[in-house]
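The values are calculated or read from the model by the stated rules, or taken from the named source; none is laboratory data. Everything numeric in this text was worked out from a predicted model, so none of it was measured. Ideal geometry is used to build each Cβ from the backbone, glycine not excepted, and the neighbour counts take in all protein chains shown.
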Amino acid sequence: MAQTDRAMEQAGERAQDRAKDPARDRDRAKHTRSGAPASTGRPRSEEAHQAILDATLALLVEVGFSALTVEGIAQRAGVGKATIYRRWASKLPLVVEAFGRLPGFQEVDTGSLEVDLKETLRSYLQVFHATSLGAVFPSIAGERAHNPELSKMIEPVARSRREPFVRIFERARARGEIDESVDVNLAADLVVGPISVALFFRGRAPSAQMADPIVDLALSGILARK
């Protein structure tokens, strides 16, 4: 029944779109007959897809997840709601894909555990403060606590973003820099964890200059196990 209602809603929205601009359909038919590209007055498929993702991120920054609506995204992107629903079943998968497009940790491999950790964390913190990631990350993190569906959908994305640090520790373990008994997942959490802690208790993420002290403190405990 829900799928039928959604289909009827989308059909109604397409009809309303046509009613708003009947000249668009005439122009489309005319250009098609003449062999020239048809223009809808709205972004083409790939452009529309990117415009929707951009609008989603922009609105996440402005209003947060709770106040985010498909209608608002459509208005900001300059597309109909039906265009969005053809690609995403709801705002949840749309938000997840948009978040996945944001910069993540750029893995560094110099052969040194300390250098790899510091350079990877430093570059991420620079991006965190320079892009919408700094506002989108807290919004989604806060929503996960009481939105099981979002939490389940975002989990693979969140886990993959942490993997560069896990791999850095795995390489260090293979080189003998850390003890075989070190839990590399926990070690990764010790490095990236301060970002979430600072956001919660201080209301802002650590600066890029804090990358070295964070790594030094984490390694002081991890290397002591050798």
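Some values worked out for this structure:
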read-out: Unique residue being under 17 Å from the mean Cα position of the chain (by Cα) and not assigned by TED's automatic domain parsing to the domain that holds residue 93 when the list is 118, 152; value: 152
read-out: Any chance residue 180 is charged (D, E, K, R) and either under 26 Å from residue 62 (Cβ atoms) or surrounded by 14 or more Cβ atoms within 10 Å (Cβ to Cβ) (or both); value: no
read-out: Of all residues making up the stretch 199-226, the number that are at pLDDT 90 or above and not β-branched (Val, Ile, Thr); value: 13
read-out: Residue match in the stretch 103-112 (condition: in a helix (DSSP H, G or I) and of a type in the set (D, E, K, R)); value: no
read-out: Answer residue from the stretch 121-156, given it is more than 18 Å from residue 59 (Cβ to Cβ) and among the hydroxyl-bearing types (Ser, Thr, Tyr) and is surrounded by the fewest Cβ atoms within 10 Å (Cβ to Cβ) among those; value: 151
read-out: Residue match in the stretch 162-171 (condition: closer than 28 Å to residue 64 by Cβ and either in the same structural domain as residue 93 (by TED's automatic domain parsing) or charged (D, E, K, R) (or both)); value: yes
read-out: Selection count, the stretch 47-67, where residues are at pLDDT 95 or above, among the hydrophobic types (A, V, I, L, M, F, W, C) and within 15 Å of residue 80 (Cα to Cα); value: 4
read-out: Restricting the stretch 186-203 to residues that are exposed (fewer than 13 other Cβ atoms within 10 Å of the Cβ) and not β-branched (Val, Ile, Thr), the residue that is nearest to residue 105 (Cα to Cα); value: 186
read-out: Single match in 98, 77, 48, 67 (criterion: of a type outside the set (Asp, Glu), farther than 30 Å from residue 177 by Cβ and surrounded by fewer than 19 Cβ atoms within 10 Å (Cβ to Cβ)); value: 67
read-out: In the stretch 53-67, the residues that are assigned to a helix (DSSP H, G or I) and among the small types (Gly, Ala, Ser); value: 55, 58
